[in-house]
Amino acid sequence: MSALSIELEWTRNTAELKPGAYAKAHRIDYNSDTAVMVDAAPDWGGNPNNTNPEQALAAALSSCHMMTFLALAAKAGWPVASYHDQATAELGKNAKGQMSVTRIDLYPQVHFDEGFEVDAAELDKMQQRAHRYCFIANTLADDVAIGIQSS
């Protein structure tokens with residue numbers, strides 16, 4: 001298997017590194033031409049205009065789930081025309097009492113070519129299969145609840 005990498009760059013902008021008195025904003029480079037500004041979640045003092053690791057985790061899960069769903073749909077001959085999701089990550093304490101992402105909800109909306117229909121039960125079954133085969137979902141701890149709610 002291949003190794004996939006990013007580059008992360010952070011520089012202190014204060015004279016000293018003191019608790020609660022330093023910027024957490026940093027840059028993550030994907031490949032050679034895509035840079036994303038990242039910060040702590042707004043509840044933890046981060047800039048809401050930057051992404052945060054919790055959003056990035058939800059985005060990774062949503063993206064992986066979609067690509068897995070599309071692969072399964074293509075094998076099944078389902079003519080998917082578009083796919084939309086608005087994933088939500090929730091922070092809370094896990095079973096060990098540590099702060100963590102405790103739940104990620106996906107809300108996929110799948111639209112097919114005109115004239116093709118699949119009933120809600122079959123669509124849900126395919127979404128559950130996509131979740132089972134998604135690399136990111138398989139990487140997350142078992143105590144992270146994943147909710148898939150199709151519309």
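The values are calculated or read from the model by the stated rules, or taken from the named source; none is laboratory data. Being a predicted model, the structure only gives us computed values, none of them experimental. Cβ: placed from backbone, ideal geometry, glycine included. Neighbour counts: every protein chain shown.
Structure summary
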{"read-out": "Tyr30 under 17 Å from the mean Cα position of the chain (by Cα) and surrounded by fewer than 16 Cβ atoms within 10 Å (Cβ to Cβ)", "value": "yes"}
{"read-out": "Hey, Leu57 in the same structural domain as Met126 (by TED's automatic domain parsing), within 25 Å of Met99 (Cα to Cα) and either touching a residue at least 24 places away in the same chain (Cβ under 8 Å) or exposed (fewer than 14 other Cβ atoms within 10 Å of the Cβ) (or both) or not", "value": "yes"}
{"read-out": "Any strands (runs of 3 or more DSSP E) falling wholly within segment 37-151 and containing at least 2 residues that are under 30 Å from Gly20 (Cα atoms)", "value": "88-93, 99-106"}
{"read-out": "Single unsatisfied condition, Asp29 versus (1) touching a strand residue (DSSP E or B) at 6+ places or on another chain (Cβ under 8 Å); (2) assigned by TED's automatic domain parsing to the domain that holds Tyr133", "value": "(2)"}
{"read-out": "Cross-chain or 6+ apart pairs with Cβ under 8 Å, segment 132-144 first and assigned by TED's automatic domain parsing to the domain that holds Thr68, then surrounded by 11 or more Cβ atoms within 10 Å (Cβ to Cβ) and modelled with pLDDT under 75", "value": "Ala137/Ile146; Leu140/Ile146"}
{"read-out": "Residue, farthest from the chain's Cα centre (by Cα), within segment 82-100, restricted to residues that are surrounded by 11 or more Cβ atoms within 10 Å (Cβ to Cβ) and under 22 Å from Asp113 (Cα atoms)", "value": "Tyr83"}
